[in-house]
Structures are given as C-alpha cells and as structure tokens.
Amino acid sequence: MVGMALVLTMGLYPNEIFREIIAEQSQVIGTKLAHARALLTGGLTFTSPQQHEVALTQDPKNTLSKLVSSYEEIFGEASVDVCLDVIKRMPMEQMSQYLPEDIKQRVG
Amino acid sequence: MYHQLYNLDVKACDVENITVVGKVVTITSACLTALAILYWLFLQIYMPESSIYYTVFTFFLIALPLLGIINGILIQKAWGGFESFVGRSVICTSAGLMMWALGMGISTYLEIANHEIPYPGIPDYFFVLIDPLYALSLVSIMRFSGARTNMKRVWALFLLFTIPLISIFINFKIFFGSTDYFETIDYPVVFNIIYTFGSVLVMILAVLTIVLSITRLGGKMRLAIYMLFLGIVLQYMGDITYSILLSKDSLYSGNLSDFIYFLSIAFVTIGLSRLNTDRLNGGNGISVDNGVVS
C-alpha cells in the first residue's frame with residue numbers, strides 16, 4: 001500500500017511542480033496571464049486548463065528555468081519568490097532531479 | 001472570428017478595441033495632466049480675481065479620475081479581475097478614483113450653484129471611502145510585491161510593531177492636536193475621526209508595503225506599482241495640507257491641497273495605465289493578426 005502510494009507520488013513529478021507554480025501564479029496575476037506566460041516557455045501544453053494540468057514537451061529542467069524567467073519579467077524577484085515558495089513546500093528528495101542548479105541554490 | 005481560449009471566447013475586434021481605447025485614455029490622461037499643471041501655475045502666478053478661474057481647476061479633479069476609472073476597468077480584465085491579487089488592487093484603486101470623481105463632481109456642482117457646502121456633506125460620504133479603498137489596494141499589493149518574503153525577517157517584525165504606533169501618534173497630532181478636540185463629540189468630529197482612521201490605515205500600509213517590497217519588487221511592472229505608491233502617498237500629503245489650510249481658513253478651489261490631490265490622482269491614473277499587460281514580452285498571450293486571434 002505504501003509502495004503503491006510512493007509509485008503514484010513519484011509518477012506525479014515533474015508535472016506537479018509546474019501545476020502548483022502555475023496555480024499559485026494564477027492567484028497572483030490571474031489564470032489567463034499565468035497560462036499565457038507558461039505557454040511562452042514553449043516546453044509545455046495544457047491538458048486540463050481548469051486544474052492547471054500540463055504535459056511537458058521538452059526537458060523539465062530547462063522548461064522550469066524558462067517558466068520562472070517568464071514570471072520574473074512581470075514583478076521581478078517578487079514573482080520568483082512565488083515560484084520558490086511553491087517549490088519549498090514540495091518534498092525535495094523527489095523533485096530535486098528536476099530543478100535547475102540556480103533554483104536549487106536559491107531553495108537551499 | 002472567435003477563438004476558444006480556455007473557455008473564454010475572445011472576439012478579435014474586442015481585443016483590438018480594448019487596446020485602442022486604452023491607448024487613447026492613456027494619451028488623454030498625460031495631456032490632461034500637463035494641461036492641469038500649467039493651468040495651476042497660471043493661477044498661482046497671475047492670481048485672477050474671479051473665482052470661476054479657480055473653480056475650473058476642479059474640473060481637472062473630476063476628469064482625470066474618470067479617465068483612470070476607464071483605464072482600470074480595461075486593465076483589470078487582463079489580470080483576472082477579482083480572481084487575482086493584482087486584479088483586486090486595480091479594482092480597489094479604480095473604486096478610490098470613482099469616489100474622487102463623485103465627491104468632487106457633487107462638490108463642484110454645489111459651489112457653482114452657490115449652495116453652501118456643509119461639513120460633513122454629501123461629497124464627504126464619497127471622499128471618506130477613498131482611503132479605505134486605497135488601503136484595500138495596498139493589502140492586495142503586499143501579496144504580490146515581495147513584501148511577504150521580507151516579512152519573515154526580524155527587522156520587518158520591528159517595523160510591523162513601530163510603524164503603526166508612529167502613524168497613530170503623527171496623525172493624532174496633525175489632525176486633532178490634543179485630547180481637548182474630543183470634548184464635544186458631534187457629527188463633524190465623528191467624520192474627522194473616520195477620515196483620520198483612513199489616513200492612519202493608509203500610512204501604515206503604504207510605509208510597510210514600500211519598505212518591505214523595495215528589495216524584491218522588479219520586472220516590467222515595477223514602475224507602475226511605484227507610481228501607485230507615490231499617488232497614494234501624495235493623497236495622504238494632500239490630506240495633511242488640506243487640514244493645515246482649513247485651520248488657517250485658507251481654503252479655496254485650486255489651492256495647494258487641490259494641486260497635491262491632482263498629482264496624486266495623476267500618478268495613480270498613469271500608474272494604472274502602465275499595468276497594461278501588452279507591455280510584457282509576448283503580451284498577455286492573445287495576439288491579433290489580420291483579424292485572426294491566436
């Protein structure tokens with residue numbers, strides 16, 4: 001039972017990282033703009049826009065880096081803080097492999 | 001031509017119309033601001049005797065907030081309206097401008113019709129809502145300006161304690177002087193208390209938001225937010241100037257407090273216009289090319 005839960009949880013990443021960041025940014029800047037900025041990365045598509053579910057089409061690390069940069073353009077470090085706060089809430093051991101180096105350093 | 005964008009039907013003509021109206025409003029706001037500043041300088045230099053020249057200035061205090069409201073209505077949509085913190089701050093700021101326009105409109109009508117403007121009068125029922133609405137806008141701004149990140153630091157906790165105390169003390173001294181003011185509690189005194197409460201709230205939130213955000217706020221929308229901050233601070237400065245002139249019985253249309261209020265409205269209006277998401281690289285994700293939305 002625990003093993004199955006672990007497998008299910010591991011299967012959620014890295015999409016869950018993107019989903020949570022986009023969901024959080026939607027609360028800040030609105031769903032339309034949050035989704036538009038995410039699509040600008042060119043590395044994901046939305047499978048369920050209402051739940052912010054995405055499917056990655058390119059390397060997760062590179063796409064995550066572009067996603068954070070895309071939001072950074074709006075309010076600078078304040079927008080980056082929103083992304084980092086989401087990442088800090090997630091289990092590091094399961095998602096660190098999907099984090100670019102600069103984000104890993106900032107998350108600590 | 002329609003395009004389904006996440007269950008939001010977007011007409012190509014709607015996107016074009018909003019952009020054109022927004023540009024017209026922004027340019028008109030800038031021109032009106034320049035014209036008002038020149039006109040106020042004219043009043044101070046030439047000091048015409050007829051009061052009608054000074055009453056004309058109040059029309060700027062009505063027209064500019066109206067333009068700001070139009071901009072706010074157009075812009076809040078791109079930020080998701082009430083759904084998002086940015087949208088809420090735009091809506092609350094626009095509502096504050098609405099109170100300005102309504103209060104000033106009624107006040108100007110009463111002045112032109114040679115009616116005595118009682119205190120508190122109908123205009124005050126609108127003016128008294130400006131500060132609380134700006135305060136709500138600041139609360140939303142705190143949620144996306146990076147203030148929350150710095151709030152976890154020790155020096156921020158110190159500010160959270162000291163700034164409210166300093167604000168209450170300063171506002172009490174400026175607007176009431178001493179406790180003798182409260183010997184008789186009548187309708188004007190109650191309204192003064194409500195006005196001052198709004199000023200205290202705005203001062204606390206403005207100082208906290210600015211200080212806590214300054215190291216985090218950046219990006220293309222930074223200048224827009226700083227202009228909103230400046231506009232709100234000038235609103236407070238206008239309140240102080242108004243109180244000082246009132247105590248000296250030196251109030252008239254187009255005076256220094258009116259000019260400061262105008263500058264406040266100008267910064268808020270132009271700040272709102274700069275929150276246009278078209279300024280971002282890639283815009284808001286909706287582009288129109290030969291009538292085709294993509």
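The values are calculated or read from the model by the stated rules, or taken from the named source; none is laboratory data. Remember, it's a predicted structure, so these values are computed and weren't measured experimentally. Note: ideal-geometry Cβ built from the backbone for every residue, glycine included; neighbour counts use all protein chains shown.
Can you pull out every residue in segment A:53-87 that is within 11 Å of chain B (Cβ to nearest Cβ) and out of contact with any Gly (no Cβ under 7 Å at 6 or more places or on another chain)?
A:69, A:70, A:71, A:80, A:82, A:84, A:85 - these are the residues of segment A:53-87 that are within 11 Å of chain B (Cβ to nearest Cβ) and out of contact with any Gly (no Cβ under 7 Å at 6 or more places or on another chain).
Report yes if some residue within segment B:34-49 is in a helix (DSSP H, G or I) and charged (D, E, K, R); otherwise report no.
The answer is no; no qualifying residue exists.
May I ask you to list the residues in segment A:27-41 that are more than 7 Å from chain B (Cβ to nearest Cβ) and among the polar types (S, T, N, Q)?
A:41
For residue B:286, are the conditions met, namely being at pLDDT 85 or above and hydrophobic (A, V, I, L, M, F, W, C)?
When the stated conditions are applied, residue B:286 does not pass them.
Considering (1) buried (at least 20 other Cβ atoms within 10 Å of the Cβ); (2) in a loop (DSSP other than H, G, I, E, B), say which one residue B:177 fails and leave the rest.
Only one criterion in (1) buried (at least 20 other Cβ atoms within 10 Å of the Cβ); (2) in a loop (DSSP other than H, G, I, E, B) is unmet by residue B:177, namely (1).
Does segment B:149-169 hold any residues that are touching a helix residue (DSSP H, G or I) at 6+ places or on another chain (Cβ under 7 Å) and either at positive phi or among the basic types (Lys, Arg) (or both), and which are they?
Those that are touching a helix residue (DSSP H, G or I) at 6+ places or on another chain (Cβ under 7 Å) and either at positive phi or among the basic types (Lys, Arg) (or both): none in segment B:149-169.
Among residues belonging to segment A:91-108 that are over 28 Å from residue B:214 (Cα atoms) and surrounded by 18 or more Cβ atoms within 10 Å (Cβ to Cβ), point out the one that is modelled with the highest pLDDT.
Restricting to residues being over 28 Å from residue B:214 (Cα atoms) and surrounded by 18 or more Cβ atoms within 10 Å (Cβ to Cβ), the top hit is A:98.
Run down B:223, B:246 and say which single residue is part of a helix (DSSP H, G or I), under 16 Å from the mean Cα position of the chain (by Cα) and surrounded by fewer than 19 Cβ atoms within 10 Å (Cβ to Cβ).
On the way: B:246 fails: under 16 Å from the mean Cα position of the chain (by Cα).
After applying the criteria, what remains is B:223.
Would you check which residues across segment B:238-280 are more than 17 Å from residue B:203 (Cα to Cα), modelled with pLDDT of 90 or more and either of a type in the set (Gly, Ala, Ser) or in contact with a Cys (Cβ under 9 Å, 6 or more places away or on another chain) (or both) and list them?
B:257, B:266, B:271, B:273 - these are the residues of segment B:238-280 that are more than 17 Å from residue B:203 (Cα to Cα), modelled with pLDDT of 90 or more and either of a type in the set (Gly, Ala, Ser) or in contact with a Cys (Cβ under 9 Å, 6 or more places away or on another chain) (or both).
Please enumerate the residues belonging to segment B:204-242 that are more than 21 Å from residue B:155 (Cα to Cα) and among the hydroxyl-bearing types (Ser, Thr, Tyr).
Within segment B:204-242, B:226, B:236, B:241, B:242 qualify.
Test of understanding: among B:96, B:81, B:72, B:68, which residue is without any contact (Cβ under 8 Å) to a residue 60 or more places away in the chain and small (Gly, Ala, Ser)? Before you say what the answer is, go through the steps one by one.
Working: B:96 fails: without any contact (Cβ under 8 Å) to a residue 60 or more places away in the chain; B:72 fails: without any contact (Cβ under 8 Å) to a residue 60 or more places away in the chain; B:68 fails: without any contact (Cβ under 8 Å) to a residue 60 or more places away in the chain.
Going through B:96, B:81, B:72, B:68 in turn, just one is without any contact (Cβ under 8 Å) to a residue 60 or more places away in the chain and small (Gly, Ala, Ser): B:81.
Can you name the number of the only condition in (1) free of Cβ contacts under 8 Å to residues at least 24 places away in the same chain; (2) within 14 Å of chain A (Cβ to nearest Cβ) that residue B:143 fails?
Condition not satisfied by residue B:143: (1).
Please work out if residue A:107 is within 14 Å of another protein chain (Cβ to nearest Cβ) and more than 24 Å from residue B:81 (Cα to Cα).
Working: within 14 Å of another protein chain (Cβ to nearest Cβ): yes; more than 24 Å from residue B:81 (Cα to Cα): yes.
Against the criterion (within 14 Å of another protein chain (Cβ to nearest Cβ) and more than 24 Å from residue B:81 (Cα to Cα)), residue A:107 qualifies.
Restricting attention to segment B:99-129, which residues are more than 17 Å from residue B:60 (Cβ to Cβ), under 18 Å from the mean Cα position of the chain (by Cα) and not hydroxyl-bearing (Ser, Thr, Tyr)? Outline the logic, then answer.
We begin by selecting, within segment B:99-129, every residue more than 17 Å from residue B:60 (Cβ to Cβ); these are B:110, B:113-122, B:124-126, B:128-129.
Adding the requirement that they be under 18 Å from the mean Cα position of the chain (by Cα) leaves B:124-126, B:128-129.
Passing the criteria: B:124, B:126, B:128, B:129.
Quick check: anything in segment A:42-50 part of a helix (DSSP H, G or I) and within 12 Å of another protein chain (Cβ to nearest Cβ)?
Step one: filter segment A:42-50 for residues part of a helix (DSSP H, G or I), giving A:49-50.
Restricting the remaining residues to those that are within 12 Å of another protein chain (Cβ to nearest Cβ) gives A:49-50.
Within segment A:42-50, one or more residues are part of a helix (DSSP H, G or I) and within 12 Å of another protein chain (Cβ to nearest Cβ).
Within segment B:10-28, is even one residue touching a Phe, Trp or Tyr at 6+ places or on another chain (Cβ under 7 Å), away from chain A (no Cβ under 14 Å), at pLDDT below 95 and over 29 Å from residue B:130 (Cβ atoms)?
The answer is yes, given that some residue of segment B:10-28 is touching a Phe, Trp or Tyr at 6+ places or on another chain (Cβ under 7 Å), away from chain A (no Cβ under 14 Å), at pLDDT below 95 and over 29 Å from residue B:130 (Cβ atoms).
Restricting to segment B:169-209, name every residue that is of a type in the set (S, T, N, Q), under 23 Å from residue B:118 (Cα atoms) and in contact (Cβ under 8 Å) with a residue 24 or more places away in the chain.
Of everything in segment B:169-209, those that are of a type in the set (S, T, N, Q), under 23 Å from residue B:118 (Cα atoms) and in contact (Cβ under 8 Å) with a residue 24 or more places away in the chain turn out to be B:196, B:199.
Does residue B:225 satisfy the criteria of being within 25 Å of residue B:98 (Cβ to Cβ) and in contact (Cβ under 8 Å) with a residue 60 or more places away in the chain?
yes
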